[in-house]
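Reading through the structure tokens given below for one structure.
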Amino acid sequence: MKPGKLLQVALGVLTSIGGFLDVGAIATAADAGASFRFSLLWVVLIGTICVIFLVEMPGRLAAVSKHSYADAVRERFGFQFYIWPILAEFVVDFLVLGAEIGGVCIALQLLTGIAFHWWAIPVALAVWLTAWLGTFDFIENGVALLGLITLAFVAGAIVLHPPWGEVARGFVPAPAPHEPAHYWFTAVSIMGALISPYLLYFYSSGAIEDGWGKQDLTMNRLVAGVGMSFGSLVQMGVLVTAAMVLAPRGIGVDQYGQIALTLVGPFGKWGYYLFAVSLGITCFGACMEQALETGFIVSQALGWNWGQSKRPVDATRFTMAYTLSIAASTVLMVVGIDPLKLTLFSMALTAVMLPLVVTPLLVIMNDKHYLGEHTNGWVTNAVVGLIIGLTFVMAVVAIPLEYLGGG
Amino acid sequence: MADDFPDMPENGTRLRLARDVLDSQMVDREHRQSGKVDGIVAELRDDGRLVITAVENGLPEAVSRVSPRVGDWIAALGRRWGVRKGEVYRIPFNKVRRTGIEVRIDVDAVATPLLDWEKWLNDHIVRHIPGARW
């Protein structure tokens, strides 16, 4: 591989870490570790395998056809179908963007002591200004490099010397050790945070922004496989540190301040600041991606000119779409809705809508109109079939579990 | 990519309207993204032939395929406050040049209502905000 290409892959992999990790991934992993020690690591592993497949395919679609996943779903299934996943995605985007803005606000609260809702408007303005002035590359690479700080969770997990045998056993699926409803609710939330529909839409849009073509299919596979695995490693780091620091002390995850203790364990008082900065940067990156994704899906649904690499005057409807989405979600934080509760609720809601988003993949990725000779092989189709089955199960159980085990 | 696909089928060959035209991305002669094909217009001629005359673009048309009543509401809102006045824009079918996964329309979208919202937002909001032309 040529050096230039290698750099591109490296940046792509790093971006995946930034894209992978968000407020939902941190909160659900911390909750899992605090409540059930290592026993939900297998869910992170299965979720990661699903995500690798689920982002490789829209990436391949975009590289070969130059059409995003949202484009293809509308074109192939018609507006009558597409309106439902897009409306559901709208609602989830609205809530998740609120939660991500909340994540940045909480980070600032941890650093300054000033209550989070006072930070909502300044944070929203910073997010909007970065989107307004930044190119896609700038945002993508900025998120990638700053996101490296989250490796603190992996370092923390290693410093704490966890019982590796027990950690390894966590990768084997097992029934709930206690509180089954809470256990399975947490499992579904982890999956909801991992298999985020926005990732499918965003990743394929990003591939078009980056001008990927058929020559980039290997890079697409590498970025999806290595990048998502790296992101998953960080999430496992959060889970393991929570298992080592919070679980023995009987500390549950009711507030972000409690999750901060995960890094205080290994790194002392600096761990507190490290957590706040990691949370802030991760959520800021996720805010950018979530806001842009709203712009992408609306523009692609209606066939507008779109692109973060275009100046605002050259894609006005797209820029107004993400502007309005940031403004609307900010209200959730201004009125003081608890960001952690909002995050966990959004993850469960995401699980409910997943089948609508994932099922069309099976048809589109086998359509020679879009993919020519690069359609799915039988292995990938079998995996997608299993993932769709899994998403249906999750959709059915998510809300009942939310009532039974969410509190 | 669209260039990889053949021109519109000649007379007598099969055209899958619902699959290959409806909901496709429209690209104008300057390669601008100009909306999706939200509807297809057909006319029943006196001799009994059904002739496709135009493709349509407009949110009320797309939404009315899901619910005619909601489509009517959106059209009414558009007539009152919309830049396009709730108008569904028709492009004659003889201007539809290619099919495949995109539809090329032989028009200049800037001169049609297709980009009215884009222009209105630019003139009234976006270009007045600092940094819009970085």
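Readers should treat all values here as calculations from the given coordinates under stated rules, not as data from a laboratory. A quick note: this is a predicted structure, and the numbers were derived from the prediction, not measured. Here Cβ is always computed from backbone atoms with ideal geometry, including for glycine, and neighbour counts include all displayed protein chains.
Can you list residues whose amide H is under 5 Å from residue B:96's amide H, if they're 5+ apart or on another chain and H is modeled 1.01 Å from N?
Counting only residues 5 or more places away or on other chains, the set is B:106.
Just to confirm my numbers, what's the Cα centroid distance between the range A:183-197 and the range A:342-393 in Å?
The range A:183-197 and the range A:342-393 have Cα centres separated by 16 Å.
Sort B:32, B:69 so the one with the fewest other Cβ atoms within 10 Å of its own Cβ comes first.
Going from sparsest to densest Cβ surroundings: B:69, B:32.
In chain A, which whole DSSP H runs stretch at least 30 Å along their own axis (Cα) and average 0.5 or higher on the Kyte-Doolittle scale? Could you put the intermediate results ahead of the total?
Details: long enough: A:41-65 (36 Å, 1.91); A:79-112 (49 Å, 1.57); A:269-302 (50 Å, 0.86); A:339-364 (36 Å, 1.93); A:378-405 (38 Å, 1.81).
Both cut-offs are met by A:41-65, A:79-112, A:269-302, A:339-364, A:378-405.
I need the trypsin sites (Lys or Arg not before Pro) found in the range A:293-382, filtered to DSSP loop residues with at most 16 other beta carbons within 10 Å of theirs.
Answer by residue number: A:310.
Please report A:316, B:53 as a ranked list, fewest other C-beta atoms within 10 angstrom at the top and most at the bottom.
In order of increasing Cβ crowding within 10 Å: B:53, A:316.
Run lengths n ≥ 4 of DSSP H only: what is the helix-derived mean residue ellipticity at 222 nm for chain A, with -39500 (n - 2.57) per run over all residues, to the nearest 500?
-26000 deg cm²/dmol
Could you line up B:80, B:65 from fewest to most neighbouring Cβ atoms inside 10 Å?
In increasing order of surrounding Cβ atoms, one gets B:80, B:65.
Give the shape of the range A:21-172 as rounded, prolate or oblate, defined through the alpha-carbon gyration tensor: a ≥ b ≥ c are the square roots of its eigenvalues, a/c under 1.5 means rounded, and otherwise the shape is prolate if a/b is larger than b/c and oblate if not.
oblate
Given the range B:15-128, report the % of alpha carbon pairs whose separation exceeds 22 Å. Each step should come with its number before you reach the end.
Details: 2437 of 6441 pairs.
It works out to 38 percent of all Cα pairs.
For peptide A:68-78, compute the average count of partner chain beta-carbon atoms within 10 Å of each residue's beta-carbon.
The mean count of partner-chain Cβ atoms within 10 Å per residue comes to 3.
Pairs A:310/A:341; A:214/B:119; A:310/B:95; A:368/B:119; A:341/B:119; A:66/B:119: which exceed 32 Å Cα-Cα?
The answer is A:310/A:341; A:214/B:119; A:368/B:119; A:341/B:119.
Whole Å is fine, so just give me how far the alpha carbon centre of the range B:73-121 lies from that of the range A:27-97.
Cα centroid of the range B:73-121 versus Cα centroid of the range A:27-97: 32 Å apart.
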